[in-house]
């Protein structure tokens, strides 16, 4: 793998687009102080994914953008591209040349590209893993970095040896696998909690389903009993109404007979009053007949009054019976509607609970026959 070129635009002191080509044999960049040698090393580390502004000798990541000069305006964007060639075997790609690009703006937006295609920082880290090239590797040494390597701690030297030995990729894969296992353990714990909670709910749901079935059976039985009781009351009321109607007819016939007798008595009284000569000849007989006819008339009027009273009472009883019958019909209709609504609600609940309560459909389908028996 060969570092072919480095393209910079707006990175630190490189305000204009600049291309640094590294022909075979170039191993170092030298120059006087302040010429920008460290900026080149920082650009390579930055494009490879460096996230620490302090490692790039700045206070924040926007400090890598050209800040301007007396004759130049500051830039709003900086871009660095690293071109590698002959990297098929080292990077495991199908391309002879690979270009890594990083672009950032002053508003904090940052983009990574591989051969012009947008990618993630993780993809760049995976691409250069175990190659000795990276933002924290020592393939590219800046000024003073050799002394830092020599004075580093054993843990820091171990990272260099692991990178050189090519086991960094496997350690990263191991960390990812352990993270996935930990996440899987957490998911299993949550699943176990959910199963336990559902198991506790199954008992309650089973009891509720049993109560619902019992309620449905009792409601079905209550409906039949209510209908039977309503039928019996209807029969009794019909027989009572028939008896009252017969009594009314009898009283009406009796009243008509008494009215006829009263009319006959009145006619006879008129005939008797039309014969004064006969009454004058027999004053005692006339007085006796008058008393007798008056008594009969009064008796007939009394009987007619009693008949009218009985007729009124019978009519009131008939009307009361009809009112009671209408009220019973309304109550029967309300009970039937309440039973139907309750049965539909419980049937809906049973349909919702059926997959969890382990009740067989054949047992639920056979309960009306067992109730009827």
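Rule-based calculations on the coordinates, nothing more; no lab input. The structure presented is a predicted model; accordingly, all values stated were derived computationally and were not measured. Neighbour counts run over all protein chains shown; Cβ positions are idealised from the backbone, glycine included.
If the chain between residue 120 and residue 208 were fully stretched, how many nm would it gain, using 0.36 nm times the residue separation less the Cα-Cα distance? Before the final figure, lay out the partial values.
Details: separation 88, 0.36 × 88 = 31.68 nm, distance 5.41 nm.
Net length gain for the segment: 26.3 nm.
Stretched out fully, how many nm does the piece from residue 105 to residue 184 gain, at 0.36 nm a residue minus the Cα gap? If you can, show how the numbers build up before the last one.
On the way: separation 79, 0.36 × 79 = 28.44 nm, distance 3.85 nm.
Stretched fully, the residue 105-residue 184 segment lengthens by 24.6 nm.
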Which value in nm describes the separation of the simple spin-label points at residue 335 and residue 322, placed 7 Å from the Cα toward the beta carbon?
-> 2.5 nm
q = 0.09, 0.10, 0.17 Å⁻¹: log10 I(q)/I(0) that the Debye formula gives for segment 2-144, counting C-alpha atoms only = -0.26, -0.33, -0.98
Peptide ranges 195-207, 93-105, 255-267, 6-18 listed from the most packed, as the mean C-beta count within 10 angstrom indicates = 6-18, 93-105, 255-267, 195-207
Gained length - residue 308 relative to residue 20, 0.36 nm times residue gap less alpha-carbon distance = 90.5 nm
Inter-label distance, nm, simple model (7 Å from Cα along the C-beta direction), residue 37/residue 177 = 4.4 nm
Distance in Å, no decimals, from the C-alpha centre of segment 295-344 to the one of segment 178-250 is 38 Å
What FRET efficiency comes out for the pair residue 247/residue 288, r = Cβ-Cβ distance, R0 = 41 Å, nearest 0.05?
-> 0.60
